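One structure is given below, encoded as structure tokens.
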Amino acid sequence: MHIESSNKKIATFAGGCFWCSEADFEKIPGVIDVISGYIGGDKKDPTYQEVCEGSTGHLEAIQVRYDPTKISYQGLLNVFWKHIDPTDPGGQFADRGSQYQTAIFYHDGEQKKMAENSKEALSRSGKFAKPIVTEIRPAVNFYKAESYHQNYCQRNPLKYRNYRWGSGRDRFIVENWAEKKPIPPAEGEIGCRKPDEAELRKKITPLQFEVTQKNGTEPAFQNPYWDNKKEGIYVDVVSGEPLFSSLDKYDSGTGWPSFTKPLEPNHIVEKEVSSFFMRRTEVKSRDGDSHLGHVFNDGPQPTGLRYCMNSAALRFVSKENLEKEGYGEFKGLFVKN
């Protein structure tokens, strides 16, 4: 397969379950679309069942079509590395077998060099004690998976969320990328940190501290963002990590800012908690460890989810200020086609 025209290019990655890889990449600004499929084997037009049997030589993979003026190949590599376990030769998380091995399939010499350099940088960083076993291979025939696998996370949000959490993927991401000394950010990524308590109390208001650090809740309809209709993104008031987009915001009628999905799923941590005599799913930021709110299953389609957040846990960055405040990678979200 060949690279497309100058404003549309192709990248191919095998990161274990293609439902998860597709979901991770389709939310990246500059990504035009993501297709789940099979690559690397000898069997022509394989079926999912044949690939699962492990006899075709194919890996579950995704093909990413992207705009290089909005996201670089280096930026895509950075996303890839931070959503897999690159030290596992036998699969990924709960999915075992050769069809779930990780690999980067390069389409030209430049992609090959960049992939090799990024793998070497990760190895030298000492981030992982075990060797980096992800292969770098030339792209060959890519076979699109069955239609029921495409956009799986959007069409089956509850099943997908249960599968993803149960697989251990998100726990691995949090445990390995929420440290105080992560690998320095690659091109197109924002580095975030949580200030110590003394610094934090100077930085944010008492209400913001109560909400983010003590799991508080602000009054409904008496907060700055519940009816904010401006275009831009919402970041953690503590760490600055990007969390939600105005494009996914809607009026839930609850009096709190509500979103159908996160802007950056890897910056979100969800966990079941007991409060007010009920079981709920708490939403926290990954790096800031800020209490943000809760997620419910009564939202609109296509996700069916309602991320009900506290304005006090968020800071709004308008589309006009994205570049100035260091969030330029998200400008492409608000470019009219």
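Within the range 108-127, the residues that satisfy the criterion of being part of a helix (DSSP H, G or I), of a type in the set (Lys, Arg) and surrounded by 11 or more Cβ atoms within 10 Å (Cβ to Cβ) are Lys112, Lys113, Lys119. Scanning the range 265-278 for any residue that is in a loop (DSSP other than H, G, I, E, B), among the aliphatic types (A, V, I, L, M) and surrounded by fewer than 18 Cβ atoms within 10 Å (Cβ to Cβ) turns up nothing. Among the criteria (1) more than 19 Å from the chain's Cα centre (by Cα); (2) in contact (Cβ under 8 Å) with a residue 60 or more places away in the chain; (3) exposed (fewer than 13 other Cβ atoms within 10 Å of the Cβ), the one Gly166 does not fulfil is (1). If we keep just the residues of the range 26-56 that are without any contact (Cβ under 8 Å) to a residue 40 or more places away in the chain and of a type in the set (Gly, Ala, Ser), which is farthest from Gly232 (Cα to Cα)? Filtering first and then ranking leaves Ser55. Beta carbons closer than 8 Å, at least 6 apart along the sequence or on distinct chains, never pair a first residue in the range 107-126 that is not assigned by TED's automatic domain parsing to the domain that holds Arg137 with a second that is surrounded by 12 or more Cβ atoms within 10 Å (Cβ to Cβ).
Results for (1) buried (at least 23 other Cβ atoms within 10 Å of the Cβ); (2) at pLDDT 90 or above, shown as yes or no for each residue.
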residue: Ser290; (1), (2): yes, yes
residue: Gly299; (1), (2): no, yes
residue: Gly304; (1), (2): no, yes
residue: Asn310; (1), (2): yes, yes
residue: Phe316; (1), (2): no, yes
residue: Glu320; (1), (2): no, yes
residue: Lys324; (1), (2): no, no
residue: Leu333; (1), (2): no, no
residue: Lys336; (1), (2): no, no
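Evaluation of Asp45 against the conditions (1) of a type outside the set (Ser, Thr, Tyr); (2) within 18 Å of Glu135 (Cβ to Cβ); (3) out of contact with any helix residue (DSSP H, G or I) (no Cβ under 6 Å at 6 or more places or on another chain) shows that the sole unmet condition is (2). Going through (1) out of contact with any Gly (no Cβ under 8 Å at 6 or more places or on another chain); (2) at pLDDT below 90; (3) part of a loop (DSSP other than H, G, I, E, B); (4) over 21 Å from Val269 (Cβ atoms) one by one, Lys130 falls short only on (2).
Under 22 Å from Glu50 (Cβ atoms), at pLDDT 95 or above and either in contact with an Asp or Glu (Cβ under 6 Å, 6 or more places away or on another chain) or surrounded by fewer than 14 Cβ atoms within 10 Å (Cβ to Cβ) (or both): is that true of Lys144 in this structure? So that I can check it myself, show each step before the final result.
On the way: under 22 Å from Glu50 (Cβ atoms): yes; at pLDDT 95 or above: yes; either in contact with an Asp or Glu (Cβ under 6 Å, 6 or more places away or on another chain) or surrounded by fewer than 14 Cβ atoms within 10 Å (Cβ to Cβ) (or both): yes.
Against the criterion (under 22 Å from Glu50 (Cβ atoms), at pLDDT 95 or above and either in contact with an Asp or Glu (Cβ under 6 Å, 6 or more places away or on another chain) or surrounded by fewer than 14 Cβ atoms within 10 Å (Cβ to Cβ) (or both)), Lys144 qualifies.
Here is a yes/no grid of residues against (1) in contact with a Gly (Cβ under 9 Å, 6 or more places away or on another chain); (2) at negative phi; (3) touching a residue at least 60 places away in the same chain (Cβ under 8 Å):
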{"site": "Phe209", "(1), (2), (3)": "yes, yes, no"}
{"site": "Asn215", "(1), (2), (3)": "no, no, yes"}
{"site": "Glu218", "(1), (2), (3)": "no, yes, yes"}
{"site": "Trp226", "(1), (2), (3)": "yes, yes, yes"}
{"site": "Lys249", "(1), (2), (3)": "no, yes, no"}
{"site": "Gly253", "(1), (2), (3)": "no, no, no"}
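Only residues that are touching a residue at least 40 places away in the same chain (Cβ under 8 Å) and assigned to a strand (DSSP E or B): list them for the range 74-97, please. Gly91, Gln92, Asp95, listed by residue number.
The values are calculated or read from the model by the stated rules, or taken from the named source; none is laboratory data. Computed from a predicted model, the values in this text were never measured in an experiment. Using ideal geometry, Cβ is built from the backbone for each residue, glycine included, and neighbour counts are taken over all protein chains shown.
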